[in-house]
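One structure is given below, encoded as structure tokens.
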Amino acid sequence: MDYNEPIFNDALFYQKRKHGKYRVVAAPSIGAAISDTHAHIQMLPNPALALAKALVWGVDFVCDICDVCEDAETAFENLSAYQAEAIPLAHDLVASTLLLPDDDPVVAMTKEQIRERVSHEGWDDGVHMRIAVGCHPHNAKDFDGEALSRLRTLLSDPRVCAIGEIGLDYHYDFSPRPVQVEVFRTQIRMAHELGLPISLHIREAHDEALRILTEEGFPTSGVLLHCFNLDPQTLEPWLEHDCFVAFGGPLTFKASDYVRASARLVPKDRLLTETDAPYMAPEPMRGVVCGPQHTVYTADVLARTLGYEALDARAELFGQLMDNAKGLLDRDPLDWQCIPAKLIEKD
Ligand SMILES: [Zn+2]
Ligand SMILES: [Zn+2]
């Protein structure tokens, strides 16, 4: 991934080739609004432009992920401005794309897709966004008392919809394992206390994470396993606990048949799409800085993996996926904000 890659001011998708060259590639026809349930928007080189591209391509709902020890302040301060700036930028992208000559068949097809997209009233209402904030296992070593109180303050922002991403990363071990476990437990307890869902980052630690969640209790507001890229056997216990499972770029990789086999096992009301932007760009965009607009490729592979080929069948699937995303991550803050359990019992 190269943060200095050229920024293209149109809505085409540019695949990275050898020797610093790029080639325009076709976008799949999605035909319905889709969501990116995991994107680090503030980490992108041009967040507003990325949201504009998301808007053009119908990625209408995005859950931004930020870290209390890293970039939460930037995210909370700037996200609303990025969202607002994205709307005129989306108009510019549409205009500049429609001006391109038709001689390349991919360009001609993209122009057709964009004409269809902007023919619907309200296509430019903006990307709806919510925020998940937490302490990533990489940063667990920095999660002190001060960070904990900062997290509590951030969680009271009405845009917040989940605690995340939290969990265990025993691949990189950037924080000592006992510290990762402690910080994970603390945040699971906060999710219970506040009635919030959690978004999980688990790497090479699935058994340990399941054990901890079983001890602490799976938060009843929902548990989302982000960027699932493993086999059905690893997935099964998570499904037994009714977890939501989000698939990103790895679902599209050529060698990932086992990930696609996992996707087939997830009940339709627990399935989600995501990117993990700026990381994990899907095929055929691997190697570029990933943005929320790239969800279209993952959604397309997911639909094909599940046998949804016709556009109307796909629209039904994507409608269900949007309901899943919003049902989990777009709840009214009044539904979860700290209401002492005893008060509810009295009524
Ligand atoms: Zn992650
Ligand atoms: Zn992430």
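The values are calculated or read from the model by the stated rules, or taken from the named source; none is laboratory data. This one's a predicted model, so the numbers in the text were calculated from it and none came from an experiment. Note that we place each Cβ from the backbone using ideal geometry, even for glycine, and neighbour counts take in every protein chain shown. Ligands, DNA and RNA are excluded from the accessible area calculation, which covers all protein heavy atoms including side chains. Shrake-Rupley method; radii C 1.70, N 1.55, O 1.52, S 1.80 Å.
Between Ile65, Ile87, the distinction of being in contact with a strand residue (DSSP E or B) (Cβ under 7 Å, 6 or more places away or on another chain), in contact (Cβ under 8 Å) with a residue 12 or more places away in the chain and either surrounded by 14 or more Cβ atoms within 10 Å (Cβ to Cβ) or more than 16 Å from His128 (Cβ to Cβ) (or both) belongs to Ile65 only. When region 168-191 is examined, which residues are found to be in contact with a Phe, Trp or Tyr (Cβ under 8 Å, 6 or more places away or on another chain) and of a type in the set (Ser, Thr, Tyr)? Scanning region 168-191 gives a single hit, Thr186.
I'd like to check which strands (runs of 3 or more DSSP E) are fully inside region 12-52 and have at least 1 residues that are over 24 Å from His120 (Cβ atoms) and open to solvent by 10 Å² or more (accessible area, probe 1.4 Å).
Numbers: elements: 13-16, 22-25, 34-39.
Passing ranges, in order: 13-16, 22-25.
Report whether or not Arg152 is exposed (fewer than 15 other Cβ atoms within 10 Å of the Cβ), among the basic types (Lys, Arg), assigned to a helix (DSSP H, G or I) and more than 16 Å from ligand 2 (Cβ to nearest atom). Give the derivation first.
Values: exposed (fewer than 15 other Cβ atoms within 10 Å of the Cβ): yes; among the basic types (Lys, Arg): yes; assigned to a helix (DSSP H, G or I): yes; more than 16 Å from ligand 2 (Cβ to nearest atom): yes.
Answer is yes for this residue.
Scanning region 172-203 for residues that are more than 16 Å from ligand 2 (Cβ to nearest atom), open to solvent by 40 Å² or more (accessible area, probe 1.4 Å) and charged (D, E, K, R) returns Asp173, Arg177, Glu182, Arg189, Glu193.
Scan region 198-221 residue by residue and report those that are of a type in the set (Val, Ile, Thr), within 14 Å of ligand 1 (Cβ to nearest atom) and free of Cβ contacts under 8 Å to residues at least 60 places away in the same chain. Before the answer, list the steps.
At the first step, the residues of region 198-221 found to be of a type in the set (Val, Ile, Thr) are 198, 202, 212, 214, 220.
Going one step further and asking which of them are within 14 Å of ligand 1 (Cβ to nearest atom), we end up with 198, 202.
Once the filter is applied, which keeps residues that are of a type in the set (Val, Ile, Thr), within 14 Å of ligand 1 (Cβ to nearest atom) and free of Cβ contacts under 8 Å to residues at least 60 places away in the same chain, region 198-221 yields only Ile202.
Looking only at region 267-293, residues that are within 13 Å of ligand 2 (Cβ to nearest atom) and surrounded by 18 or more Cβ atoms within 10 Å (Cβ to Cβ) come to 8 in all. Close contacts from region 97-109, counting a first residue that is in contact (Cβ under 8 Å) with a residue 60 or more places away in the chain and open to solvent by less than 60 Å² (accessible area, probe 1.4 Å) and a second that is in a helix (DSSP H, G or I) and aliphatic (A, V, I, L, M), with Cβ to Cβ under 7 Å and a gap of 6+ residues or different chains, come to Thr97/Ile114; Leu100/Val107. If the condition is being farther than 23 Å from Cys227 by Cβ and of a type in the set (Gly, Ala, Ser), then region 54-94 contributes Ser80, Ala81, Ala84, Ala86, Ala90.
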